Amino acid sequence: MKIRLVLLSLLLALAALPAAAQNRSVAIFAGGCFWCLEPPFDKLDGVLSTTSGYIGGTTADPTYEQVTAGRTGHYEALQIEYDPTRIGYDKLLEVFWRNVDPVDPTGQFCDKGPQYRSAIFALDE
């Protein structure tokens, strides 16, 4: 009986996985220092996780030192995993625009250099 109950529980959990995956979307924004961009998104209801990293560029697997030297072409960026049933992409954009200066091509606020440029990376329609 216990084995049947465990198997039933496992099957129910597996059946729920595709539904859970459907409630996950990803946005990627660059807007200066990625660590500075995390907090405004982390506190939003519906944001599941934020991950800092690099995007673009010509150097494979760059180090922090290489990117901060400004020679790899990478952006410091934030990947935001969110539940679109709880928060819309439009709200994420609203928060992004409040935290960047989109007309400064040299970086963001006190962070200057090509790695600190602002950008929105579209992943789907």
For this session: Quick one: in the range 86-101, of everything that is among the aliphatic types (A, V, I, L, M) and assigned to a loop (DSSP other than H, G, I, E, B), which residue is surrounded by the fewest Cβ atoms within 10 Å (Cβ to Cβ)?
Result: Ile87
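Please work out which residue is nearest to Ile28 (Cα to Cα), limiting yourself to the range 102-125 and to residues that are among the polar types (S, T, N, Q) and surrounded by 14 or more Cβ atoms within 10 Å (Cβ to Cβ).
Looking only at the range 102-125, we keep the residues that are among the polar types (S, T, N, Q), and these are 106, 108, 115, 118.
Applying the additional criterion that residues be surrounded by 14 or more Cβ atoms within 10 Å (Cβ to Cβ) yields 108, 115, 118.
Numbers: Gln108: 17, Gln115: 15, Ser118: 11 Å.
Ranking the qualifying residues of the range 102-125, first place goes to Ser118.
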For this session: Being assigned to a loop (DSSP other than H, G, I, E, B) and of a type in the set (A, V, I, L, M) is the filter; apply it to the range 105-125 and report the residue that is nearest to Glu81 (Cα to Cα).
Result: Leu123
For this session: Output yes when any residue across the range 72-83 is at pLDDT 90 or above, of a type in the set (S, T, N, Q) and in contact with a helix residue (DSSP H, G or I) (Cβ under 7 Å, 6 or more places away or on another chain), and no when none is.
Result: yes
Exercise. Of all residues in the range 98-125, how many are among the hydrophobic types (A, V, I, L, M, F, W, C) and under 18 Å from Gly46 (Cβ atoms)?
Worked result: 1
Exercise. Restricting to the range 25-67, what's the tally of residues that are assigned to a helix (DSSP H, G or I), among the aliphatic types (A, V, I, L, M) and more than 17 Å from the chain's Cα centre (by Cα)?
Worked result: 1
Seminar exercise, completed: Checked pairs for the range 87-113, first within 27 Å of Gly70 (Cβ to Cβ), second part of a loop (DSSP other than H, G, I, E, B) and polar (S, T, N, Q), C-beta under 8 Å and 6 or more apart or across chains, list as Lys112/Thr106; Gly113/Thr106
Exercise. With respect to the numbered conditions (1) surrounded by fewer than 14 Cβ atoms within 10 Å (Cβ to Cβ); (2) part of a loop (DSSP other than H, G, I, E, B), which one is the sole condition not fulfilled by Gly70?
Worked result: (1)
For this session: Could you please let me know if Lys43 is surrounded by 14 or more Cβ atoms within 10 Å (Cβ to Cβ) and either closer than 30 Å to Gln22 by Cβ or of a type in the set (D, E, K, R) (or both)?
Result: no
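The values are calculated or read from the model by the stated rules, or taken from the named source; none is laboratory data. Everything numeric here is computed off the predicted structure, so don't read it as measured data. Positions of Cβ are generated from backbone atoms using ideal geometry, with glycine treated the same way; all protein chains shown enter the neighbour counts.
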